[in-house]
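The values are calculated or read from the model by the stated rules, or taken from the named source; none is laboratory data. Just so we're clear, the structure is a prediction, and the values are computed from it rather than from any experiment. Glycine gets a Cβ as well: all are built from the backbone with ideal geometry, and neighbour counts include every protein chain shown.
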Amino acid sequence: MPEHTRRRPLPKETVLQFQPFDGLPLDRIQLPQSGTERAEARSALLDAPFLGFDTEVKPTFKAGEPLRGPDVVQFATGDQAWVFQMHDGGNAELVAEVLTARAVVKAGFDLRSDQKQLKRLLKVYAQPMLDLDFVFSGQGYPRSIGVKAAIALLFERRLLKSKRVTTSNWANPRLEARQILYAANDAYAAWAVLDALKLPLDQLPVWHGEPDGTDD
């Protein structure tokens, strides 16, 4: 792409002047734990053509510590989010079903690392997937623009991301309210970005099928 067509995210000093992005409140976020709650979540998730999607994992701080699969997987629509704790076998089974549902596109940012972790944990290849970084790079932005820059560009809002929450213990059996909000709104922000782009499906770089050797 010629240099003059390159685009850049908004400057940090500009983004800092924006009001916070309005995410989903706690009463719009579900943490399925029972069979009934999972059945309700399954119905809503498999009925959605697009879902915002992200994962969280307990950080590793020691050299040589084995890589973990995600401890939390979250999905969102335009008015609700679901946060699944993966130590629960029932949750893991439902998440695998949603991730492989061919009629549901899972949209997020920087999804290759998520794909590898999920394949390691669940032994499935998530598809179809839509990495929104590719949408923005196709419009001339840097390859890894990220959700914060995308929210700033499309909404003139600032997506708040606390490093303290990012690096918290996502494997904890009882998540704190701040963790639940953070996880859910990462997924919701991805859904909001996709919705705001208003691009036809045939213009979206959706992944269908497993690339040979790419995600092993």
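Scanning region 147-164 for residues that are out of contact with any strand residue (DSSP E or B) (no Cβ under 9 Å at 6 or more places or on another chain), farther than 18 Å from L204 by Cβ and not charged (D, E, K, R) returns A149, F155, S162. Just one of the listed residues (A92, A101) is out of contact with any Gly (no Cβ under 6 Å at 6 or more places or on another chain), surrounded by fewer than 21 Cβ atoms within 10 Å (Cβ to Cβ) and in a helix (DSSP H, G or I), and it is A92. Check whether at least one residue in region 57-66 is polar (S, T, N, Q), within 23 Å of D202 (Cβ to Cβ) and in a loop (DSSP other than H, G, I, E, B), and report yes or no. No - not one qualifying residue is present in region 57-66.
Cβ separations smaller than 9 Å between residues 6+ apart or across chains give the following pairs from region 101-116 residues that are without any contact (Cβ under 8 Å) to a residue 40 or more places away in the chain to residues that are of a type in the set (S, T, Y): D110/S144; S113/T55.
Among the candidates V165, V193, the residue that is without any contact (Cβ under 8 Å) to a residue 40 or more places away in the chain and on the phi < 0 side of the Ramachandran plot is uniquely V165.
Scoring D27 on the criteria (1) part of a helix (DSSP H, G or I); (2) surrounded by 14 or more Cβ atoms within 10 Å (Cβ to Cβ); (3) acidic (D, E) leaves a single failure, condition (2).
Taking (1) at pLDDT below 95; (2) exposed (fewer than 15 other Cβ atoms within 10 Å of the Cβ) in turn, G69 satisfies each apart from (2).
Quick grid of which residues meet (1) at pLDDT 90 or above; (2) in contact with a helix residue (DSSP H, G or I) (Cβ under 7 Å, 6 or more places away or on another chain); (3) within 23 Å of G146 (Cα to Cα):
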position	(1), (2), (3)
E56	yes, yes, yes
G90	yes, yes, no
R102	yes, no, no
L118	yes, yes, yes
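Quick check on region 116-129. Is at least one of its residues within 16 Å of D195 (Cα to Cα), touching a strand residue (DSSP E or B) at 6+ places or on another chain (Cβ under 9 Å) and among the polar types (S, T, N, Q)? The answer is no; no qualifying residue exists.
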